[in-house]
Each structure stands twice: as C-alpha cells, then as structure tokens.
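The values are calculated or read from the model by the stated rules, or taken from the named source; none is laboratory data. Just so we're clear, the structure is a prediction, and the values are computed from it rather than from any experiment. Counting neighbours? That spans all protein chains shown, and the Cβs are built from the backbone with ideal geometry, glycine included. Surface areas here come from the heavy atoms of the whole protein model, side chains and all, with no ligands, DNA or RNA. Shrake-Rupley method; radii C 1.70, N 1.55, O 1.52, S 1.80 Å.
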Amino acid sequence: AAAREGEAAEIFKVASGFSPTLGVLGAVMGLIQVLSALGGDPSELGHGIATAFVATFYGVGFANTVLLPISTKLRGISAEEQVVREMILEGVLSIQAGDNPRIVKEKLQGFLKPGNRLAEEDDESDDRRAAA
C-alpha cells in the first residue's frame with residue numbers, strides 16, 4: 001500500500017518537471033512566430049512575444065501551484081498512514097505478547113507527536129472510570 005501511495009506522489013512530481021518543459025516549448029513556438037514576422041507588422045511581433053511569455057508562465061506556474069503541492073500532500077498522507085499501520089502492528093503484537101495495558105499505552109503513545117499524547121491527569125481519570 002505504501003509503495004502504491006508513493007507511486008501516486010511520484011507521478012505528480014514527475015509531471016511537475018515536465019510542465020515547465022511544455023511551457024518552454026510554447027515559448028519556442030511563440031519565438032518562431034516572432035522570427036517569422038520579422039520585417040512585417042510590429043503588432044505581430046508583440047503577439048508572438050506575449051505567447052512566449054504566457055506559455056512559460058503557465059508551465060512554471062502549473063508545476064509550482066498545482067503539481068508540486070499535490071505531490072507533497074500525497075507524500076504527507078502516505079507517511080501518516082504508514083505511522084498508523086506501524087502503530088496498529090505494534091499494538092497487536094504487544095497485546096498478543098500479553099503486555100500490561102499501561103505498557104501498551106506507553107508504546108503506542110511513542111508514535112504520537114508530543115502535543116497529541118494523553119496527559120497524566122487523563123490517565124488517572126481513565127483509571128477511575130475503569131474502577132467504577
């Protein structure tokens with residue numbers, strides 16, 4: 001599953017490399033138009049130059065505002081899901097080994113960021129509820 005998720009992110013990353021290249025191809029086409037209009041109507045020159053700039057802008061802009069952020073987001077989601085899978089595996093193995101529930105809880109909290117971990121007072125309220 002992690003490899004498949006990584007492939008999806010890689011597709012967007014590779015596409016972000018091709019997007020500016022396509023923009024450059026558009027720029028070359030615009031410059032060809034400029035060169036073919038040399039000696040003619042000056043307004044045609046402006047049109048060709050504008051086409052060249054716009055094509056480059058779209059290629060680079062699409063890569064940096066759409067494709068790369070999607071790739072980054074997919075990699076982040078994949079990393080989070082991998083941590084969850086590892087956490088589940090660790091919990092199941094600990095329960096199967098017969099570890100004390102407090103030990104299991106401590107092991108699993110090691111996977112969480114410090115801000116997401118349960119505080120000690122939450123532990124005590126859990127103990128009181130279990131005893132009632």
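Results, tabulated for the structure shown:
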quantity: Fully extended contour minus Cα-Cα distance, from residue 31 to residue 107, at 0.36 nm per residue; calculated: 21.1 nm
quantity: Rounded tilt (10° steps) of 42-62 against the dominant C-alpha axis of the chain; calculated: 10 degrees
quantity: Largest to smallest principal axis extent of the C-alpha atoms in the chain, angstrom; calculated: 92, 29, 17
quantity: Among 17, 61, 115: highest mean-square fluctuation, GNM of the chain, C-alpha pairs under 10 Å; calculated: 115
quantity: Extension gain (nm, one decimal) between residue 50 and residue 72, 0.36 nm per residue minus Cα-Cα; calculated: 4.7 nm
quantity: Over the chain: helical MRE at 222 nm, DSSP H runs n ≥ 4 each giving -39500 (n - 2.57), nearest 500; calculated: -28000 deg cm²/dmol
quantity: Accessible surface, per residue, of the chain when the full set of protein chains is kept, probe 1.4 Å, Å²; calculated: 71 Å²
quantity: Residue among 43, 8, 110 farthest towards the positive dipole end of the stretch 2-132, charges placed on Cβ; calculated: 43
quantity: ³J(HN,Hα) computed for each position of the stretch 30-38 - Karplus, 6.51 cos²θ - 1.76 cosθ + 1.60, integer Hz, glycine/proline x; calculated: x, 6, 4, 5, 5, 5, 6, 9, 4
quantity: Label-point separation, residue 10 to residue 64 (7 Å along Cα→Cβ), nm; calculated: 2.7 nm
quantity: Vicinal HN-Hα couplings computed from phi for the stretch 93-108 (Karplus, 6.51 cos²θ - 1.76 cosθ + 1.60; Hz; Gly/Pro x); calculated: 5, 5, 5, 5, 6, x, 5, 4, x, 5, 5, 4, 4, 5, 4, 6
